[in-house]
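Here is the structure we will look at.
The values are calculated or read from the model by the stated rules, or taken from the named source; none is laboratory data. Only a predicted model underlies this, so the values are computations on that prediction, with no experimental measurement involved. So basically every Cβ, Gly included, is an ideal-geometry build from the backbone, and we count neighbours across all protein chains shown. These area figures cover heavy atoms from the full protein model, side chains too; ligands, DNA and RNA do not enter into them. Shrake-Rupley method; radii C 1.70, N 1.55, O 1.52, S 1.80 Å.
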Amino acid sequence: RAFADLLASRELGAAAASRELRSVGRPSQLLAPVATAAAIANQARQLKSTVLSYWIDEDGLMIWVVTPNGLAAHRTVKVTPHQLARLVERTWNPREPVGGASSAFRQLYELLITPIDGVLSATRASRLTVVPHQSLFRLSFAALQGADGRFLLQRFAIHYVPSMTAASALASSSSPAAPRRTSLVVTSPELGADRM
């Protein structure tokens, strides 16, 4: 949310954004509008992608599938945030097996993809835009493995956005009138001495 607000503040200009922040005290209220289902479908059209948006809370995991034609499905999976976080953490262990029913990659596929697999097949999606939440930001969806042994990356081209609001703000800031800029973004997670 803060990233989307930062992008929106660039659109307003520094002085106007500063006035907005002082008058409201919370940038999220005025700077970046919340993405509606229609706006997400529009973004899916622009990206030529199917959006998979995840939300984790104490009631479970919620998954929304939005195609360029609109909301295609909504599923709720009974799993706790702690269970998901533990499975994601296991995927960072170099000794974690990739195949087999007990693999974290297979278990996460069952939780994150299997509930919507029929929808993805019906929509004939070839590209997925993943909007993760909480611990899922640390997960490589590409490495998830189905019961047939295929990785998700073998079925779909995959990319990630922090939120659809941020994706929309990025798209609007790269309008034809804006100067073309090229960026290289390099990140390095803190792995600790035992992982290097």
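Here are the numbers for the structure shown:
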item	result
Asn69/Ala101 FRET efficiency (R0 30 Å; Cβ-Cβ; nearest 0.05)	0.30
For the range 100-165: relative contact order, % (alpha-carbon pairs under 8 angstrom, 6 or more apart)	39
Amide H partners (placed H, <5 Å) of Ala73, local residues excluded	Val65
Projected label distance in nm at Ala122 and Ala143, using a 7 Å step from Cα toward the beta-carbon	3.2
Model label zone, Leu153; criterion: amide N under 14 Å from point 7 Å along Cα-to-beta-carbon; scope the range 121-146	139-146
Kirkwood Rh in Å, taken over the range 33-150 so that all alpha-carbon pairs contribute	14.8
Probe 1.4 Å, all protein chains present, accessible-area order of Thr67, Thr36, Thr123, largest first	Thr36, Thr123, Thr67
Surrounding net charge for Gln107, when Lys and Arg each add one and Asp and Glu each subtract one, Cβ distance under 11 Å	+1
